[in-house]
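See below for the structure under consideration.
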C-alpha cells in the first residue's frame, strides 16, 4: 500500500524532476560560473563582445597564452595582502567559537539543571537578538569604544561577536542538555561524583553532537558577519568580508575586479568544505528550533 | 552577558538624545593698515575642549528623531497640507530618507517572505520524491545559497547580472534591448534585490519543510488515498495542515531576517534606488563624519519596529508559557 502511495504518473514525475534540476541550476550555477570566471581576465569575465569568451577565455589566451590564469588570485593574495585578512578571519572565528562554546556549555548545562524557569526569558532574549540587526548594537558600542581607545583591534570585535552570538548559543545548548536525561548525572552523583565531576566525566562525553552543531552556527555567524567587522575593525585588521567590500571601492578604476572575484572564491571555498562535511549537523541545527515550535 | 545586551541599548538610547556640539564661535577684531574689522571665526581650541569634555555632545531631547533624516513630522505635515493628490503625497513622503527606507524594507518583507515559503515548499515536495542517493547531493547544493556569506552571495549575483555579465547579457538578448541595465531603474533594482532575497532564503525554508515531510504520518496519507483523495487533495488537506506549524516558524524567522535586509544593498551597490533602515545606520556610522546620534536615533526606531513586528509572537509565547506553569 505504501508503494502505491508513492506511485506517480509519468507527467508528474517529469515535472518534478525538471523542477529539481531547475532549482539545482539556480542554486549551483552562480558558484560554478564565478569559480570558472575567476581564472580569466576581466575582459572575459565581463565580456562585452561575445559571452562565449567567458567560457573559452579568448582574451585570457591572448594575454597569457593559456585560457586559465592565476593573476586574480596572485593579485589578491600577494599584492593586496588578502592572506592577512584570511588570518584575521581565522583568529576571529577561532576565538568566537571557543569563547561562546565555553560559556554556552557551562551556562547551558547550569540552566538546564536548575529548577528556575529561565527558559522563557532566555528564549525571548535569543529571539530579540535574532531579530535585531547587529548594526543597531554596533552604533551603541562605537562611542564607548572610541572613548576607551579599544576601537579597531581584533579582541574588541571578538567580544562583540560573542555577545551577539551568546543568547542563541545558550538557547541551543540549553535545549540539547535538556535532551540528556537528568538520571545520567544524578546516578553519577549517587556514585559519589561532585556536580563538576559529573559534568566532566558523564555529560562531556555525550554532549559532542550538540556542541558541534552549535559551534558550526557560531562559526558561520563570525565568518559571515559584515556589519560588525566593517565598523569595528581598523583597515589593517580587517577580516575577509570587509576586505572584499573594500576592494570594490577601488576596483572600478584599477580594473582589478578580478582581485575581488578571486577573493570571493577563496572566501567561499571553506564554506563549501564545511557544508560537505557537516551537512547533517547543519540540517539538524536548522530544524531543531522548528520541531519544538 | 546581560551587560553586553543592556549596555549597547542604553548607550544607543542616550546617544540618540544628544547631538554634536556646535562649534564655539568667537568674534575677533583684526586691525590692519586699513582700519579694524570684526571677524567671526571658529575657536578651534575651545571647540576641541568642549568636545573632549562631553563626548556625547549636547542634550538634544527628541529633536534628532524629529529632524528631516528621521520621522520628519514637519515635512510630512507640510506635504499633507500642500498635497494635490494622495499619490503626490506619497511620492513626497518617500523622498524623505526614513520613509524611503521604510517603504523598501516593508515591500521587501511582504514580497520575499511568502515567495520564500512557496518556493521552499515546492522544492521540499519535489526533493522528497527523489530516490535516496540523489537526495544528499541535491541537499548539498541547495544549502549553498544560504550558507554563503550574504555579501559574497550578492556580489556573485551582482557580477552575473552586470550588463556585461552572463545574465545581464542574456536579458538584453531576450528583450532585444541593448541598453537594458538592471542597475539603472528603481523598479528593476527592487526586483533584483528581491530575487536575491528569495534565492538566499529559500534553502532555509526548504530544509525545514523537508524535515517536516519526513515526519508525515503515512497512515493518514494512505487513508486519504483510500477515501479517494487525488494527489492535489492529499497535498492540500493532509500535507499542508501537517506542516502548518513549520510555516509559522519559517515565516517568523523570515520576517526578522528580511526586516534587517542590509548586505544585498551594499553588495548590489543599490543604495541609489533602495535603502533599508540598517543601511541608513551603516551610512551614518561610516565615512568621515560619524553621525553617531543620527545613527543611534535610527537604531532606536529600528528596535521599535522589530518590537512591533515581534509583539504578536511575544504575546503568544508568554501565554503559552503561563499555561505551562
### Task
Taking the residues in segment A:123-152 that are in contact with a helix residue (DSSP H, G or I) (Cβ under 8 Å, 6 or more places away or on another chain) and not in a helix (DSSP H, G or I) as candidates, determine which candidate is nearest to the other protein chains (Cβ to nearest Cβ).
A:133
### Task
Considering (1) surrounded by fewer than 21 Cβ atoms within 10 Å (Cβ to Cβ); (2) modelled with pLDDT under 80; (3) more than 26 Å from residue A:129 (Cα to Cα), say which one residue B:270 fails and leave the rest.
(1)
### Task
Can you work out which of the residues in segment A:193-205 that are in contact (Cβ under 8 Å) with a residue 12 or more places away in the chain and surrounded by 14 or more Cβ atoms within 10 Å (Cβ to Cβ) is nearest to residue A:281 (Cα to Cα)?
A:203
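Does at least one position in segment B:252-259 carry a residue that is closer than 30 Å to residue B:99 by Cβ, touching a helix residue (DSSP H, G or I) at 6+ places or on another chain (Cβ under 9 Å) and more than 10 Å from chain A (Cβ to nearest Cβ)?
From segment B:252-259, those closer than 30 Å to residue B:99 by Cβ are B:252-259; that's our starting set.
Remaining after also requiring touching a helix residue (DSSP H, G or I) at 6+ places or on another chain (Cβ under 9 Å): B:252-259.
Now drop any that are not more than 10 Å from chain A (Cβ to nearest Cβ), which leaves B:254, B:258.
Checked against the condition, which is being closer than 30 Å to residue B:99 by Cβ, touching a helix residue (DSSP H, G or I) at 6+ places or on another chain (Cβ under 9 Å) and more than 10 Å from chain A (Cβ to nearest Cβ), segment B:252-259 yields at least one hit.
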### Message
For segment B:251-261: of the residues being touching a residue at least 60 places away in the same chain (Cβ under 8 Å) and closer than 17 Å to residue B:302 by Cβ, which is surrounded by the most Cβ atoms within 10 Å (Cβ to Cβ)?
### Response
B:261
### Query
Out of all the residues in segment B:68-88, is one or more part of a helix (DSSP H, G or I), within 14 Å of another protein chain (Cβ to nearest Cβ), modelled with pLDDT under 80 and in contact with a helix residue (DSSP H, G or I) (Cβ under 9 Å, 6 or more places away or on another chain)?
no
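In segment A:153-215, which helices (runs of 4 or more DSSP H) lie fully inside it and hold 3 or more residues that are away from chain B (no Cβ under 14 Å) and in contact with a strand residue (DSSP E or B) (Cβ under 9 Å, 6 or more places away or on another chain)? Steps first, please.
Values: elements: A:154-179, A:182-190, A:195-198.
Answer list for segment A:153-215: none.
Yes/no matrix, rows are residues, columns are (1) at pLDDT 80 or above; (2) surrounded by fewer than 18 Cβ atoms within 10 Å (Cβ to Cβ):
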| position | (1), (2) |
| --- | --- |
| B:224 | yes, yes |
| B:246 | yes, no |
| B:275 | no, no |
| B:285 | no, no |
| B:292 | no, no |
#### Entry: Hits in segment B:121-147 - residues which are touching a residue at least 12 places away in the same chain (Cβ under 8 Å), facing chain A (nearest Cβ under 7 Å) and more than 26 Å from the chain's Cα centre (by Cα)
B:127, B:139
### Task
Spot the failing condition for residue A:109; the list is (1) under 30 Å from residue A:39 (Cα atoms); (2) crowded, with 20+ Cβ neighbours inside 10 Å; (3) at pLDDT 75 or above; (4) more than 14 Å from chain B (Cβ to nearest Cβ), and only one is missed.
(1)
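The values are calculated or read from the model by the stated rules, or taken from the named source; none is laboratory data. Only a predicted model underlies this, so the values are computations on that prediction, with no experimental measurement involved. Cβ sites come from the backbone with ideal geometry, for glycine too, and all protein chains shown count toward neighbours.
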